[in-house]
Amino acid sequence: MIDLQPYSGMPLTLDETGRLIAGPGIAISDPVPRTVRELRGVLADPEGAADGVAYLMYRGVAPADSAADLAAQDVRFDVTVIFPGSLGREYVKTAGHYHPEAPGGVAYPEVYEVLHGRAAFLLQRAAADRIDDAVVISAGPGDKVNLPPGYGHVTINVGDGPLVVCNIVADGFSSVYDDYARRRGAAYYLFKAPDGPVAQANPNYDRLPPLRAAQPHRDERLGLTGEPLFTVWRRQPELFSYLNHPERLPRGLRP
């Protein structure tokens, strides 16, 4: 059993099968599995990946006594468990998606927190019909990653064990997967190599910018501190109003 509470701020554990176990007072629903078969369209080597479950998505994970406050702010906490291994030459990854625009005309942002394992977050921003920024962020337990408006993203398990990430996001929109599916994945693939991940450009994109590395985020204005996201949200939920009103984000965090 893996204790997730030190970084999640909730009594959560992960069992030996990769299932999330809720402690007292925590409400979780059955996970939504994403299979390798469903991911084949975004893989560099679709025929080289064995069938199975790539990751589990738990929607709306939080103490039952927080449900009304979360609903009032129209946000939710999710937990995703990405299994270790490979998909052909690639690490196991999520499908990748963009967010639509909020009513204020700016795309919805999102914040991730690593609860266990090692992650690489691949971010990309589309301008017209090309990508004008591509970023990789390496993160470990306790690290926070801010996904600014306009950036699509993929989460990749680059460790040897399960990767568990939590996210807080607005609850009133549907993610957009079409562009990742049309281009067979993100602008860059991360391939497994003896010395660690190696990035390779996806040939289905034109005129890609270089992939630049960035660090996990710390910003008290956004609630991104050394404490778990849930702990900060519970104490100061108003800090996260930008999730539904991204036009309120500080200058420099909007495209």
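The values are calculated or read from the model by the stated rules, or taken from the named source; none is laboratory data. None of the values given here were measured: they were computed from a predicted structure. As a convention, Cβ positions derive from the backbone with ideal geometry for all residues, glycine included, and neighbour counts pool all protein chains shown.
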Self-check item: Single match in PRO228, PRO246, PRO237, PRO250 (criterion: in contact (Cβ under 8 Å) with a residue 12 or more places away in the chain, over 19 Å from ALA126 (Cβ atoms), crowded, with 19+ Cβ neighbours inside 10 Å and not hydrophobic (A, V, I, L, M, F, W, C))
Solution: PRO228
Quiz item: Which one is surrounded by the most Cβ atoms within 10 Å (Cβ to Cβ) among residues in the range 77-100 that are in contact with a Pro (Cβ under 8 Å, 6 or more places away or on another chain) and outside any loop (DSSP other than H, G, I, E, B)?
Solution: ILE82
Practice problem: Consider ASP3 carefully, then state whether it is under 20 Å from ASN157 (Cβ atoms), modelled with pLDDT of 95 or more and of a type in the set (D, E, K, R). | Solution: yes
Quiz item: Could you say whether any residue in the range 44-53 is in contact (Cβ under 8 Å) with a residue 12 or more places away in the chain, surrounded by fewer than 21 Cβ atoms within 10 Å (Cβ to Cβ) and under 19 Å from the mean Cα position of the chain (by Cα)?
Solution: yes
Self-check item: Selection status of ASP206, touching a residue at least 12 places away in the same chain (Cβ under 8 Å), surrounded by fewer than 17 Cβ atoms within 10 Å (Cβ to Cβ) and acidic (Asp, Glu)
Solution: yes
Practice problem: Can you give me the number of residues within the range 58-68 that are outside any loop (DSSP other than H, G, I, E, B), surrounded by 14 or more Cβ atoms within 10 Å (Cβ to Cβ) and either out of contact with any Asp or Glu (no Cβ under 9 Å at 6 or more places or on another chain) or hydrophobic (A, V, I, L, M, F, W, C) (or both)? | Solution: 3
Quiz item: Can you tell me which residues in the range 18-57 are at pLDDT below 90, of a type in the set (D, E, K, R) and in a helix (DSSP H, G or I)?
Solution: GLU47
